[in-house]
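The values are calculated or read from the model by the stated rules, or taken from the named source; none is laboratory data. Bear in mind that the values here come from a model prediction, so they are computed numbers and not experimental data. Neighbour counts run over all protein chains shown; Cβ positions are idealised from the backbone, glycine included. What goes into the accessible areas is simple: the full protein's heavy atoms, side chains included, and nothing from ligands, DNA or RNA. Shrake-Rupley method; radii C 1.70, N 1.55, O 1.52, S 1.80 Å.
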Amino acid sequence: MTAAVFNHEGPWTEEEYLALGETQQRVELFDGSLHVTPAPTPRHQNISGELRAMLRAPVREAGLHVLEAVNVRLRPGRIPIPDLVITGPIDFDELNVEAGDVRLVCEIISPSNASTDKVLKMHYYAAAGIEWYLLVEQESGTMHLYRRRGGHYIEQSVTRPGDQLVLTEPVKATIRPEELLP
């Protein structure tokens, strides 16, 4: 990404955002503003990869898909890049996954942007109608599972290392936090 991007005048449109193409940083669009973060740490990526591997078979059995780091259009002009999503049938050639196709969204909390994951994205995902939200703490592996009620999320469970998260929706899976950690 060049410095010219930051000289952009006025709010960003979805078309301008998508024209950026692939970048080394994660660039998300929130209501005309870009949110730029550096590439994830190896710890973050290990957790994401292990979680995807654990979910792969149960997701396939349910006729769904599990994807890492894809654009999710929550509404026009609001496109985050969650760490992991479980979706229904989608067009794999589209630039965005539509929020209505997302069954569960997961963010792995990075110390540098914890408030974004715990407040901003949580609010936006709930407002977009995504039923399940999973937050994973990088240092401990503790998992917080939320379910949407109306326009917000209610915490359903907290799973720490030594315990297990038993998902029954949108897929049937058992996840042990310690197995996510390097």
* Counting just the residues of the stretch 157-170 that are farther than 22 Å from Gly88 by Cβ and charged (D, E, K, R), which one comes out surrounded by the fewest Cβ atoms within 10 Å (Cβ to Cβ)? -> Arg160
* To do: Would you please name the residue that is nearest to Ala39 (Cα to Cα), looking only at residues in the stretch 106-127 that are open to solvent by less than 10 Å² (accessible area, probe 1.4 Å) and not charged (D, E, K, R)?
  => Ile108
* Consider only pairs whose beta carbons are under 9 Å apart and that are at least six residues apart or on different chains; among these, list those whose first residue lies in the stretch 10-25 and is at positive phi and whose second residue is modelled with pLDDT of 90 or more and surrounded by 12 or more Cβ atoms within 10 Å (Cβ to Cβ). => Gly10/Gly32
* **Single condition Arg103 does not satisfy, out of (1) open to solvent by 50 Å² or more (accessible area, probe 1.4 Å); (2) touching a strand residue (DSSP E or B) at 6+ places or on another chain (Cβ under 6 Å); (3) part of a helix (DSSP H, G or I)** => (3)
* To do: Please state which one of Val59, Val36, Val97, Val85 is at pLDDT below 95, open to solvent by less than 70 Å² (accessible area, probe 1.4 Å) and under 23 Å from Met122 (Cβ atoms).
  => Val36
* **In the stretch 134-156, residue nearest to the chain's Cα centre (by Cα) [restricted to those that are surrounded by 13 or more Cβ atoms within 10 Å (Cβ to Cβ) and either β-branched (Val, Ile, Thr) or within 22 Å of Ala57 (Cβ to Cβ) (or both)]** => Leu134
